[in-house]
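Q: I am attaching a structure below and will ask some questions about it afterwards.
The values are calculated or read from the model by the stated rules, or taken from the named source; none is laboratory data. Note that the structure is a prediction, hence the values are computed from the model and not measured. So basically every Cβ, Gly included, is an ideal-geometry build from the backbone, and we count neighbours across all protein chains shown.
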Amino acid sequence: MRYLPHSAAERAEMLAVIGAKSAEELFGAVPRHALLTRPVDLPAHSPEFLVEARMRAMAARNRAGADGPFFVGAGAYRHHVPATVDHLIQRSEWLTAYTPYQPEVSQGTLQMLFEFQTQVAHLTGMDVANASMYDGSTATAEAVLMARRLTRKDRIILSGGLHPHYRDVVHTYLDNSPNLVSLPASPEGQGDILDRIDDDTAAIVIQTPDFFGHLRDVKRAADAIHAKGGLLIVVVTEVVSLGLLEAPGALGADIVVCEGQSIGNALNFGGPYVGLMATRKEFIRQMPGRLCGETVDADGNRGFVLTLSTREQHIRREKATSNICTNSGLCALAFSIHMSLLGEAGLTRLARLNHSRAAALAKALRAVPGVELLNKTFFNEMTIRLPIPAAPVIEILAEADVLAGVPVSRLIPDDPAVDNLIVLAATELTTDADIDMLATCLNAAIGGAA
């Protein structure tokens, strides 16, 4: 992005044209608590090379986990991404492609998005999928808004197993509506959301595997909410699990949203990621985002177009199904390439390998004195309880180059009940040596603290 060093007189002239008294007035719609109260901690008026040096030093403080055991998950997972994926998405015809409003010059992009939708629909067991969302959290919030439009009800219930970040995004979208019910965190799988359903409930939101790693009974949840005329939204943050678990659509889900990062997209210190959304055919008109469809041209040749959701829809503000004006096209392409390389059999093998690595991790953790495994069921992620606060232990292990997971208190900071909990994940990249080192370091950290 270019930096334009306008003078004070030039700024005053521009403000006068638009009728604003000050630059701060332009941010009047932003809540005061969301604005910075002090300048960003960066060198002021420094030469470019000094700013670059400062940024490099800050980046060097990051721990990538490439050289040591890595058990971080909690909605973002380290998987192997074949070199083919990176090679193909960097081809100029993909890397520079923009939204395909002109189908006659965008057939490649449109076909890719069509194939992406087909893969997501098969993966989730749903009738139709859109051409990607920003990420899993915003897709969840969009699903909630979609459910309210479809049912003409307002009450939404969020499971205690929903990822805290996803919960926060939903609260932001709904502006902390009094009709939004968030159940307390359920690290041991407790807190039955089904008891809270009533006739005014538009939808319940459950995650499986949930934030703490537990597998949820999707069929039971679907039957309960459908009996009250509401919809079931199923969230999947670890999309690889769908290679082993039964698809939510086959179990009665009405809307399925996923974080697609695990397939084709590396961690990248936080993004960009790609959201997946799929639903039933009868709900298609209320589905946000874009839908690519197959058609034929004037000569009868197969072709692809944006079937629904043109840009004009997105500028209608509150009348639009969504104000998202783009999609994570390049990340969706990476997802689609990786999924094509895997195929159905490959995805199943990958999922089984992930679960077997997690089973080995669970066995090792059970053997560490003072460690309690909270999961009776899991895919590749689980929660443990330590006899001491978890956050300092994570820091101790990080100094030994073992990234031992996420202390739950980092994401749920005001709940003393989670202070001793750690969420850990294992993937196909987790080795026996990694697990042994984690167990050894965890044992030493707990013993040293005692």
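Q: Please go through the stretch 79-127 and give me each residue that is touching a Lys or Arg at 6+ places or on another chain (Cβ under 8 Å) and either farther than 30 Å from Ala298 by Cα or buried (at least 20 other Cβ atoms within 10 Å of the Cβ) (or both), ordered by number.
A: Across the stretch 79-127, the qualifying residues are Leu113, Met126.
Q: Next question. What is the residue count in the stretch 31-51 for residues that are part of a loop (DSSP other than H, G, I, E, B) and either surrounded by 10 or more Cβ atoms within 10 Å (Cβ to Cβ) or in the same structural domain as Asp175 (by TED's automatic domain parsing) (or both)? Let's see the steps before the verdict.
A: We begin by selecting, within the stretch 31-51, every residue part of a loop (DSSP other than H, G, I, E, B); these are 31, 35-47.
From what's left, either surrounded by 10 or more Cβ atoms within 10 Å (Cβ to Cβ) or in the same structural domain as Asp175 (by TED's automatic domain parsing) (or both): 42-43, 46.
The qualifying residues number 3.
Q: Of the conditions (1) surrounded by fewer than 23 Cβ atoms within 10 Å (Cβ to Cβ); (2) within 20 Å of the chain's Cα centre (by Cα), Ala278 fails just one. Which one is it?
A: Going through the list (1) surrounded by fewer than 23 Cβ atoms within 10 Å (Cβ to Cβ); (2) within 20 Å of the chain's Cα centre (by Cα), Ala278 breaks only (1).
Q: May I pose another question? Give all pairs with beta carbons closer than 9 Å in which a residue from the stretch 327-354 that is assigned by TED's automatic domain parsing to the domain that holds Thr138 and under 24 Å from Met382 (Cβ atoms) meets a residue that is surrounded by fewer than 21 Cβ atoms within 10 Å (Cβ to Cβ) and modelled with pLDDT under 95; count only pairs at least 6 apart in sequence or on separate chains.
A: Here the result reads none, with nothing in the stretch 327-354 linked to a residue that is surrounded by fewer than 21 Cβ atoms within 10 Å (Cβ to Cβ) and modelled with pLDDT under 95.
Q: Given the criterion crowded, with 17+ Cβ neighbours inside 10 Å and in a loop (DSSP other than H, G, I, E, B), identify the matching residue among Gly249, Gly191, Gly213. Can you show your working first?
A: Working: Gly249 fails: in a loop (DSSP other than H, G, I, E, B); Gly191 fails: crowded, with 17+ Cβ neighbours inside 10 Å.
That would be Gly213, the only listed residue that is crowded, with 17+ Cβ neighbours inside 10 Å and in a loop (DSSP other than H, G, I, E, B).
Q: Given Arg152, Arg148, which one is out of contact with any strand residue (DSSP E or B) (no Cβ under 7 Å at 6 or more places or on another chain) and closer than 17 Å to Thr321 by Cβ?
A: Within the list Arg152, Arg148, the selection yields Arg152.
Q: Given the conditions (1) surrounded by fewer than 24 Cβ atoms within 10 Å (Cβ to Cβ); (2) assigned to a helix (DSSP H, G or I); (3) not polar (S, T, N, Q), which single one is not true for Ala221?
A: Only one criterion is unmet by Ala221, namely (1).
Q: Checking the structure you have, find out if any residue of the stretch 94-106 is outside any loop (DSSP other than H, G, I, E, B), assigned by TED's automatic domain parsing to the domain that holds Gly289, out of contact with any Gly (no Cβ under 7 Å at 6 or more places or on another chain) and of a type in the set (Ser, Thr, Tyr).
A: Within the stretch 94-106, none of the residues are outside any loop (DSSP other than H, G, I, E, B), assigned by TED's automatic domain parsing to the domain that holds Gly289, out of contact with any Gly (no Cβ under 7 Å at 6 or more places or on another chain) and of a type in the set (Ser, Thr, Tyr).
Q: OK, next. Is one or more of the residues making up the stretch 286-296 closer than 21 Å to Asn130 by Cβ, among the acidic types (Asp, Glu) and either in contact (Cβ under 8 Å) with a residue 12 or more places away in the chain or surrounded by fewer than 16 Cβ atoms within 10 Å (Cβ to Cβ) (or both)?
A: yes
Q: Still on this structure: Test Asn268 against the criterion of being on the phi > 0 side of the Ramachandran plot, loosely packed, with under 13 Cβ neighbours inside 10 Å and in the same structural domain as Ala334 (by TED's automatic domain parsing), and give yes or no.
A: yes
Q: For the stretch 210-224, which positions are touching a residue at least 40 places away in the same chain (Cβ under 8 Å) and either out of contact with any strand residue (DSSP E or B) (no Cβ under 6 Å at 6 or more places or on another chain) or over 16 Å from Cys258 (Cβ atoms) (or both)?
A: Quick first cut of the stretch 210-224, residues touching a residue at least 40 places away in the same chain (Cβ under 8 Å) only: 210-216.
Correct list: Asp210, Phe211, Phe212, Gly213, His214, Leu215.
Residue by residue, here is whether (1) touching a residue at least 40 places away in the same chain (Cβ under 8 Å); (2) within 27 Å of Phe335 (Cα to Cα) holds:
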| position | (1), (2) |
| --- | --- |
| Lys376 | yes, no |
| Thr383 | yes, no |
| Ala391 | no, no |
| Thr430 | yes, yes |
| Ala444 | no, no |
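Q: Does Gly229 satisfy the condition of being touching a residue at least 12 places away in the same chain (Cβ under 8 Å) and loosely packed, with under 15 Cβ neighbours inside 10 Å? It would help to see each step written out before you state the result.
A: Values: touching a residue at least 12 places away in the same chain (Cβ under 8 Å): yes; loosely packed, with under 15 Cβ neighbours inside 10 Å: yes.
For Gly229, the condition - touching a residue at least 12 places away in the same chain (Cβ under 8 Å) and loosely packed, with under 15 Cβ neighbours inside 10 Å - is met.
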